[in-house]
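To start, the structure itself, in structure tokens.
The values are calculated or read from the model by the stated rules, or taken from the named source; none is laboratory data. Keep in mind that what you see is a predicted model, and the values were worked out from it rather than measured. Heads up, the Cβs are rebuilt from the backbone with ideal geometry, glycines too, and the neighbour counts pull from every protein chain shown.
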Amino acid sequence: MMKNIIEIKNVRFHYKGAKESLQNVSLSIKEGETLLLCGASGSGKTSVLRLINGLIPNYYQGELTGEVMVAGRDISKTPLYELAGVVGTVFQNPRSQFFSVDTDGEIVFGPENVGLEPEEIKRRKELIINEMGIDKLMERSLFELSGGEKQQIACASVAALLPGIILLDEPSSNLDRDAIGKLHDIILEWKKQGKTIIISEHRLWYLKDLFDRVIYMDKGRIKKQWSKEEFLKLDTATIEKLKLRPLEVPSYFSVLFNERSSEKETSESGMSNSILLKDFFFSYRSSPYLFRKRHFAESDGDRLELCIPDLKLPKGKVIGIVGKNGTGKSTFLRCLCGLEKDCRGIIETDGKVYRGNARIGLSYMVMQDVNYQLFTDSVESEVLLSMSDKDEIRCHEILKNLGLIEYKDTHPMALSGGQKQRVAIASAIAAGAEILLFDEPTSGLDFDHMMKVGLLLKRLAESGKTVLVSTHDPELIEKCCDYELYIKNGRVESFGGIAEKILKRNEIKESV
């Protein structure tokens, strides 16, 4: 019989300056077990991971009672450096755990830091690169990697220490389907090696053959637990009632990336009132003069991360921007709102032409990593900061619609990843810009809050705003988007109505 490698007994924890996050949590995890932690955003999943890796109480300050034993060590009495080779953690945002500037340096950082011999460090590096099939990511800057590629390097850097326990916090939140497949294979390999794996996750479908047990959390408590067989028997209504995402692969995935399309398609139906984009050329490597002349940019198109000579978008609609990790979706949004100064693109709408800094006042962007745009000491202040005229009533209405009103006096940095995401969305709504840009706004959100965000996006469009949302969530695309803009290698591969895409999908199904 496998022994328990993790014991959590009667744990309560309050983050400093926040509400109680964990309430009387008790959990035993066996050596070699793969455990899935699920539940709504802010239910306490990440806090349980922080107990196991020692970040609570060694990094996150607060009031802790109860006992946490990991591999025979009392976490409250064990310094973090002693856990380095025992517990490895892949965070929701891999950038938060990087110490180097290049991929090779990041993988060997852990083994170097614990003082391994150079030959052993080289051996582990080669072992991990071969096991994970990431040789094409070597000798690259971490800053130029896509979200999925960063996640692979984060997994590799953790694996290089050969820990017996691996924790993953929303590891698929910013990944496309191919990257999720690679993540699945990485976890499967760890499982075959006998590692103990704990995964906090909203996306469930790719884990169906991996987990052994499921723990469901709600408001800081463990409310339910199931064996793998019991959990997979739950019906769709029960899954939705628990605010969980579907157990099956979303059907719209096959349309979302348009991988089988042999020719480009565009549709401008219903676009009598439109926004015209011109000369959106950009490269992270090329000199600024490249963007001053359109014909020069087009002739050197293979050097560009973004190459969109012209594009017409419908006003007052929700436009889903899709494509694989690293294909240029975030770059497009950053150029559109003026964050990339070297992009000299022009926006024409309502008879006006917006160039350079003028684009900034026309649009508002919610970044993929919302930590970069949270500035104040309370959720309420954060939303009010985005308003030209401070309106507390409207602020509270926005927070209520996003399920954040109870956190209005809480410091944003004390919130979960999903809650922070909703605070940034609230600020975008409050800003009142004509074009609202969202980069992965539902990453880290449970099904219920994802649908609420989708409803808000539709309401924004109905109020006259033009909403562009980059996403890997097919459920969000199908539920709230009017159009789909598919970007491949910085180019517009196709553009069309969602209804048309779904109709084509159904026609393909019927013909098979």
*Does THR46 satisfy the criteria of being at pLDDT 95 or above, polar (S, T, N, Q) and touching a strand residue (DSSP E or B) at 6+ places or on another chain (Cβ under 9 Å)?*
no
*Looking at (1) part of a helix (DSSP H, G or I); (2) surrounded by fewer than 20 Cβ atoms within 10 Å (Cβ to Cβ), which is the one condition that is false for MET450?*
(2)
_segment 195-250, residues that are among the polar types (S, T, N, Q), surrounded by 14 or more Cβ atoms within 10 Å (Cβ to Cβ) and more than 21 Å from the chain's Cα centre (by Cα)_ = THR196, GLN225
*Among residues belonging to segment 329-387 that are acidic (Asp, Glu) and touching a residue at least 24 places away in the same chain (Cβ under 8 Å), point out the one that is surrounded by the most Cβ atoms within 10 Å (Cβ to Cβ).*
GLU382
_One residue is enough: does segment 243-257 have a residue meeting the conditions modelled with pLDDT under 95, polar (S, T, N, Q) and not in a helix (DSSP H, G or I)?_
yes
*Test TYR407 against the criterion of being closer than 30 Å to GLY181 by Cβ and aromatic (Phe, Trp, Tyr), and give yes or no.*
no
*Checklist (1) closer than 26 Å to ILE8 by Cα; (2) touching a residue at least 40 places away in the same chain (Cβ under 8 Å) applied to ASP74, failing item*: (2)
*Among the numbered criteria (1) touching a helix residue (DSSP H, G or I) at 6+ places or on another chain (Cβ under 8 Å); (2) buried (at least 19 other Cβ atoms within 10 Å of the Cβ); (3) over 17 Å from ASP369 (Cβ atoms), which single criterion is violated by ALA154?*
(3)
_Can you tell me which residue is modelled with the highest pLDDT among those in segment 413-422 that are farther than 11 Å from GLY42 by Cα and crowded, with 24+ Cβ neighbours inside 10 Å?_
ARG422
*Which fully enclosed helices (runs of 4 or more DSSP H) of segment 118-214 have 2 or more residues being more than 26 Å from LYS233 (Cβ to Cβ), without any contact (Cβ under 8 Å) to a residue 60 or more places away in the chain and not assigned by TED's automatic domain parsing to the domain that holds LEU55?*
none
*asked:* Condition first: buried (at least 23 other Cβ atoms within 10 Å of the Cβ) and under 15 Å from the mean Cα position of the chain (by Cα). Now tell me which residues in segment 471-488 satisfy that.
replied: THR471, HIS472, ASP473, LEU476
*Which residues, taken from segment 59-114, are in a helix (DSSP H, G or I) and over 26 Å from the mean Cα position of the chain (by Cα)?*
ILE75, SER76, LYS77, LEU80, TYR81, GLU82, LEU83, PRO111, GLU112, ASN113
_Only one of LEU339, LEU304 that is over 22 Å from the mean Cα position of the chain (by Cα) and hydrophobic (A, V, I, L, M, F, W, C)_ = LEU304
*asked:* Of everything in segment 437-452, what is closer than 22 Å to LYS324 by Cα, modelled with pLDDT of 85 or more and among the aliphatic types (A, V, I, L, M)? Give them in sequence order.
replied: LEU437, MET450
*Would you be able to tell me the number of residues in segment 27-58 that are in a loop (DSSP other than H, G, I, E, B) and farther than 17 Å from GLY88 by Cβ?*
5
_Those residues of segment 172-216 which are among the polar types (S, T, N, Q) and in contact with an Asp or Glu (Cβ under 6 Å, 6 or more places away or on another chain), in sequence order_ = ASN174, THR196, SER200
